[in-house]
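Colleague: What follows is a single structure, and I will ask about it in a moment.
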Amino acid sequence: MFFQKANGLLSFGNRLAAVLLSGLVIACSDKNEASNDQFAFADEAAFETAVKDFIVNNPEVILESMGRLREKQQRAQNAELEANIARVLNVLEDGSEANVIGNPDGDITLVEFFDFRCGYCRRGFKDIQALVANYPNLKVVHWQYPLLDGDETDISTMAARAAVAAGLQGKYEDFYMAMMGSDEQISPDFILATALGLGLDEETFKADIASDAVIQKVDASLTFGNQIGIGGTPTYILAGNVFPGAVGYDRLAQVIENAKAADPS
């Protein structure tokens, strides 16, 4: 339910080696202090043999250990992300450096980092569409986060720049809805056809896509997301809570209802 960029974590093999090495160091350092303990080993070779035998006879402990390690790392990442977001929540929700759909003056703000080519973002689009329709006071702030590039065409970045350019002609929301609501594969021709279909001026649109202002806005959005630790798309931020992945309409709607109940004004 979530497209996640590479996060630089150690590979499975390296993590396992690190775990075993740590155990070896600890065991060896404690060996002299625990020489009379039944689990002490006469030398390093004996310890290594015991570890190997244990793993061979109990291979499931590898998966269990790695699972616990991943959970621990994920909790640490989530805590860091939530702390970072708390520090910049006003900027995230303001929307002046991003794009806004729904009610720009709404008293409830949903922030989304997304990529036009992300399949999970496209799946979550219907949830966003329904939320905007059902909650007239909902402001949705879109931060362009084109992670799926890497090929020669950089279609994700092109689509993000096109969306910002459409916004300069007052058509961001229409462009977003048309792009995300289509089953067409995103391509330069489709991006241009979508823009022209909305009545955008072609020359102005093409010039804006290539302008420094638009390029810098998309680049700044991507940099901002990286700096605060957004790990993939879509990532939603609602009422100070972080929701990685296409979590569904019901979960987001419940948070909105809770926020409304907490502040009935």
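Yes or no, residue by residue, for (1) open to solvent by 60 Å² or more (accessible area, probe 1.4 Å); (2) of a type in the set (D, E, K, R); (3) at pLDDT 95 or above; (4) farther than 19 Å from residue 78 by Cβ:
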position	(1), (2), (3), (4)
199	yes, no, yes, yes
202	yes, yes, yes, yes
209	no, no, yes, yes
212	yes, yes, yes, yes
219	yes, yes, yes, yes
223	yes, no, yes, yes
235	no, no, yes, no
241	yes, no, no, no
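Colleague: Would you mind stating whether residue 64 is exposed (fewer than 13 other Cβ atoms within 10 Å of the Cβ), under 16 Å from the mean Cα position of the chain (by Cα) and acidic (Asp, Glu)? Please lay out each step first, then the result.
Modeller: Details: exposed (fewer than 13 other Cβ atoms within 10 Å of the Cβ): yes; under 16 Å from the mean Cα position of the chain (by Cα): no; acidic (Asp, Glu): yes.
Spelling it out, it is not the case that residue 64 is exposed (fewer than 13 other Cβ atoms within 10 Å of the Cβ), under 16 Å from the mean Cα position of the chain (by Cα) and acidic (Asp, Glu).
Colleague: Next up: I'd like to know if segment 203-218 contains one or more residues that are over 17 Å from residue 130 (Cβ atoms) and of a type in the set (Lys, Arg).
Modeller: Among the residues of segment 203-218, at least one is over 17 Å from residue 130 (Cβ atoms) and of a type in the set (Lys, Arg), which makes the answer yes.
Colleague: Another one. For residues that are more than 19 Å from the chain's Cα centre (by Cα) and open to solvent by less than 40 Å² (accessible area, probe 1.4 Å), tally how many sit in segment 125-135. Give the derivation first.
Modeller: First, the residues of segment 125-135 that are more than 19 Å from the chain's Cα centre (by Cα): 129-135.
Filter once more, keeping what is open to solvent by less than 40 Å² (accessible area, probe 1.4 Å): 130-132, 135.
Selection size over segment 125-135: 4.
Colleague: Moving to a separate point now. Between a residue in segment 65-94 that is assigned to a helix (DSSP H, G or I) and any residue that is of a type in the set (Phe, Trp, Tyr), which pairs come within a Cβ distance under 9 Å, given they are 6 or more apart or on different chains?
Modeller: Close Cβ pairs satisfying both conditions: 66/12; 88/224; 91/224; 92/143; 92/224.
Colleague: For segment 86-94, state whether one or more residues are modelled with pLDDT of 50 or more, touching a Ser or Thr at 6+ places or on another chain (Cβ under 7 Å) and either open to solvent by 60 Å² or more (accessible area, probe 1.4 Å) or charged (D, E, K, R) (or both).
Modeller: Within segment 86-94, the first condition is being modelled with pLDDT of 50 or more, and the residues that meet it are 86-94.
Checking which are touching a Ser or Thr at 6+ places or on another chain (Cβ under 7 Å) leaves us with 93.
Remaining after also requiring either open to solvent by 60 Å² or more (accessible area, probe 1.4 Å) or charged (D, E, K, R) (or both): 93.
Within segment 86-94, one or more residues are modelled with pLDDT of 50 or more, touching a Ser or Thr at 6+ places or on another chain (Cβ under 7 Å) and either open to solvent by 60 Å² or more (accessible area, probe 1.4 Å) or charged (D, E, K, R) (or both).
Colleague: Within segment 95-124, work out how many residues are assigned to a helix (DSSP H, G or I) and either of a type in the set (Phe, Trp, Tyr) or open to solvent by less than 10 Å² (accessible area, probe 1.4 Å) (or both).
Modeller: Residues flagged as assigned to a helix (DSSP H, G or I) and either of a type in the set (Phe, Trp, Tyr) or open to solvent by less than 10 Å² (accessible area, probe 1.4 Å) (or both) within segment 95-124 amount to 3.
Colleague: Still on this structure: Only one of these is at pLDDT 80 or above and not in a strand (DSSP E or B): 34, 50, 40. Name it.
Modeller: 50
The values are calculated or read from the model by the stated rules, or taken from the named source; none is laboratory data. No experiment lies behind these values; they were computed from the predicted model shown. Cβ sites come from the backbone with ideal geometry, for glycine too, and all protein chains shown count toward neighbours. For the accessible areas, the whole protein counts, side chains as well, though only heavy atoms, and no ligand, DNA or RNA atoms are used. Shrake-Rupley method; radii C 1.70, N 1.55, O 1.52, S 1.80 Å.
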